[in-house]
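I am attaching a structure below and will ask some questions about it afterwards.
The values are calculated or read from the model by the stated rules, or taken from the named source; none is laboratory data. Computed from a predicted structure; not experimentally measured. Quick reminder, even Gly has a Cβ in these numbers, built from the backbone with ideal geometry, and neighbours come from all protein chains shown. When the accessible area is computed, the model is the full protein with side chains, heavy atoms only, and any ligands, DNA or RNA have been set aside. Shrake-Rupley method; radii C 1.70, N 1.55, O 1.52, S 1.80 Å.
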Amino acid sequence: MFSRLFLPLLLVLASCATASDPAPAGPAKAAGMVSAADPRAAEAGRWILNQGGNAADAAIAIQIALTVVEPQSSGIGGGGFFVYHDSKRGRVFTYDGREKAPDSATPRWFFGADGKPLPYRQAIPGGRSVGVPGNIRLMALVHGRHGKLPWAKLFEPAIRLASDGFALTPRMRNAIASHRDLAGMSAWGRGHLFGPDGEPKAAGEVLRNPELAQLLERVATLGPDYFYVGPAAEALVRTVRGAERNPSTMVAGDLAAYEAKQRPPVCAPYRGYRICGMGPPSSGATTVYAILKQVERFDLRALGKDSPVAWHLFGNSMRLAFADRDAYLADPDFVSVPVAGLVDPSYLESRSRLISPDRAIDRAVAGVPPGAPRTTPAPAAEVPSTSHMAAADGAGNVASVTSTIEGAWGSGLTVNGMFLNNELTDFSIAPELDGAVVANRVEGGKRPRSSMSPTIVYGPDGKVRLAVGAAGGPTIIAQVAKAIIAVIDWDLSAQEAIALPVLFAPGDTLLVERGTSLEAMIPALQALGNKAAPMNPGFKANAIERVNGGWRGAADPRSEGVALAQ
């Protein structure tokens, strides 16, 4: 099962891997802070803070700017989740801007002419993988409830970047070269990203995007409806319906009817801290929390970050959590998701008892949490190309936001200077397995399950301690859980926590980051009965933490990201 489901993921991780110098962290006493995967996007967020904006405004400006400078990963052609601590109200809010399937979609959406499910890689290119983008509606919802500056102001940095141009970075060029089939699938993509010789443009070359600048200007001045109704929406529909590969049946009404939603946050305790994240259709909060709670009875502090036993416990807890994730997590508007049962202390205690410090679990299978419906586990083959951003302001507001177009360059389709997502391949392509219904199957109007895990951690004093999230498909969950353990149990800074190597265990094999101390632990992990193997790095996390009454930022040293103080 492992090789069939996750070999494509590992190949993509290998192709995305890049080396870079460690990203600088901001000072601990900063009044405001932003962290993003691209320096130009981070600067957009800082500029907004300096214009008097709050954390919600800054995060929105970062997201819009990422559409320009990191088009391979996220942007307004995709969707996201927004977790926000409102200091005045003293509570956390979570907002769902996940893409939706067209109303015409059926459980056999990704079946071929032969009546069989398409191979995953064949389902990605073209129109059928494109979900109705949610990010513009998401940002408008958050801005209307929490924003401070005028809507149009938040677009100014991105419009300048698109109009004046920006330098192609080594990471973006690598993404073009590694995925040239999707990056150059459209005539616009070929002209924008490739030179006359058919090779990717050189790092450092200035890219201008007047088509995207025009779209952003109109959304800024005319409001979010411009994106979902009228010429922009009609152009998007024509693009996906007219795709040469896998044409869609999306109609203008699918865009016009799209709504972002406020969802109940998922919050639960861990060692006196409170972990808050995004509920379904995200699988992040419940799965991250299960990993943490199932190891809470072990003394991870005493074991330390260099202990193979600590990583063995972490990996086996992840195996159990992913088994439950694959069985139960899906769009709550279509499926009864047992959220309360999945974070129930008694249930997680029973799952924890399956974990031993001196032997591996033979086979991780889903449990039966309270309130669980009858369903069947069915992993979806997510691939990494996402972005996380965080922002905090002097008033104590904090945003933790993850956004994606799914795989690198999404569906390969472009319109109005942006790449469109391939988010619908986050559904489980086969609607049934062994005669049982799959919770995350395709249905009309449904949102696919996601691994995006934007998280805010509250300290024992009730104040925000950490805002963290990551990119990298299902490895997002591993990266976030690892970072939280490193901060809480191992007293590491957020920067040190993000930089720690990653262990990812979605099945019965512990995958450890190649070229790190974890790879050297493989014999010790195997001696405990684990299957263990190296995986190439393709990780990208960002965070902000509260230290000594101020904010300190963190960005993944594997990425081009930075944290910038106000």
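Check each of the trypsin sites (Lys or Arg not before Pro) in the stretch 285-327 and keep only those in coil by DSSP with at most 14 other C-beta atoms within 10 angstrom; list them in order.
Values: sites: Lys293, Arg297, Arg301, Lys305, Arg319, Arg325; in loops: Arg297, Lys305.
In loop regions of the stretch 285-327 (DSSP not H, G, I, E or B), the sparsely surrounded trypsin sites (Lys or Arg not before Pro) are Arg297.
Which aspartates and glutamates have a Cα lying under 17 Å from the Cα of Lys148, excluding residues fewer than 8 positions away in the same chain?
Correct list for Lys148: Asp57, Asp86, Glu156, Asp393.
Determine the share of the stretch 466-527's accessible area contributed by carbon and sulfur atoms, expressed in whole percent, with a 1.4 angstrom probe. It would help to have the intermediate numbers written out before the result.
Values: 730 of 1380 Å².
Percent of accessible area from carbon and sulfur atoms in the stretch 466-527: 53.
Magnitude of the Cβ-charge dipole of the stretch 215-336, K/R +1 and D/E -1, about the Cα centre, nearest 20 debye? Working shown, then result.
On the way: 14 positive and 13 negative charges, 100 e Å.
Dipole size: approximately 480 debye.
Please state the shape class of the stretch 405-523: rounded when a/c is under 1.5, otherwise prolate if a/b exceeds b/c and oblate if not, all from the C-alpha gyration tensor.
Details: a/c = 1.80, a/b = 1.55, b/c = 1.16.
Taking the square roots of the gyration eigenvalues as a ≥ b ≥ c, the stretch 405-523 is prolate.
Which order do you get for Asp103, Asp326 if you rank them by accessible area with a 1.4 Å probe, largest at the top?
Details: Asp103 110, Asp326 15 Å².
Result, largest first: Asp103, Asp326.
In square angstrom, rounded to the nearest 10, how much accessible surface does Leu222 have for a 1.4 Å probe?
120 Å²
Hey, can you find the accessible area per residue of the stretch 46-108 for me, probe 1.4 Å, expressed in square angstrom?
Numbers: 1510 Å² over 63 residues.
On a per-residue basis, 24 Å².
I'd like to check one number: the per residue accessible area of the stretch 171-227, probe 1.4 Å, reported in Å² as a whole number. Each step should come with its number before you reach the end.
Details: 2690 Å² over 57 residues.
With all protein chains present, the stretch 171-227 gives 47 Å² per residue.
Sticking with this structure for a sec: What ranking of Ile361, Ile60 comes out by heavy-atom accessible area, probe 1.4 Å, highest first?
Values: Ile361 25, Ile60 0 Å².
Largest accessible area first, the residues go Ile361, Ile60.
Would you list, by chain and number, the aspartates and glutamates whose Cα falls below 14 Å from the Cα of Lys482, excluding same-chain residues fewer than 8 positions away?
Glu296, Asp306, Asp491, Glu496, Glu513, Asp556
Continuing with the same structure: Just to be sure I understand: of the beta bridges DSSP finds with both ends in the chain, what percent are antiparallel, rounded to 5? Intermediate results must be reported in sequence, preceding the final value.
On the way: 69 of 76 bridges.
Counting DSSP beta bridges with both partners in the chain, the antiparallel share is about 90 percent.
Still on this structure, I have one more. With every protein chain left in place, what is the accessible area of Asp344 in Å² (1.4 Å probe, nearest 10)?
For Asp344, solvent-accessible area is about 50 Å².
If I compute solvent accessible area with a 1.4 Å probe over the protein chains, what percent of it on the stretch 96-160 is carbon and sulfur? Could you put the intermediate results ahead of the total?
Details: 1280 of 2380 Å².
The C+S portion of the solvent-accessible surface of the stretch 96-160 is 54 percent.
Convert each backbone phi in the stretch 328-339 into a coupling constant with the Karplus relation 6.51 cos²θ - 1.76 cosθ + 1.60 (shift: θ = phi - 60°), then list the ³J(HN,Hα) values in order as whole Hz, x for Gly and Pro.
Ordered by residue, 3J(HN,Hα) equals 10, 7, 5, 5, x, 6, 10, 10, 6, 9, x, 4 Hz.
Mind checking the dipole of the stretch 296-447: about its Cα centre, +1 per Lys or Arg Cβ, -1 per Asp or Glu Cβ, Debye to the nearest 20?
Values: 13 positive and 19 negative charges, 66 e Å.
That gives a dipole near 320 debye.
Next question, about the same structure. Using a ≥ b ≥ c from the Cα gyration tensor of the chain (square roots of the eigenvalues), is it rounded, prolate or oblate, where a/c under 1.5 gives rounded and otherwise the larger of a/b and b/c decides, a/b for prolate?
rounded
Lys446: which lysines have alpha carbons under 20 Å from its alpha carbon, excluding same-chain residues fewer than 8 sequence positions away?
Lys100, Lys261
Using the heavy atoms of the protein chains alone and a 1.4 angstrom probe, what is the accessible area of the stretch 507-563 per residue in square angstrom? Display every interim value, and only then the final one.
Numbers: 1800 Å² over 57 residues.
Averaged over the residues of the stretch 507-563, the accessible area is 32 Å².
From largest accessible area down, sort Arg546, Arg447; use a 1.4 Å probe on the protein chains.
On the way: Arg546 55, Arg447 5 Å².
Correct descending sequence by accessible area is Arg546, Arg447.
Can you give me the long-range amide H partners of Val547? Hydrogens built in the peptide plane at 1.01 Å from N, cutoff under 5 Å, separation of 5 or more residues or another chain.
Under 5 Å from the amide H of Val547 lie the amide H atoms of Arg552, each far enough along the sequence or on another chain.
Can you run phi through the Karplus equation (6.51, -1.76, 1.60; θ = phi - 60°) for the stretch 207-212 and list ³J(HN,Hα) in whole Hz, with x for Gly and Pro?
After applying 6.51 cos²θ - 1.76 cosθ + 1.60, I find 9, 10, 9, x, 5, 5 Hz.
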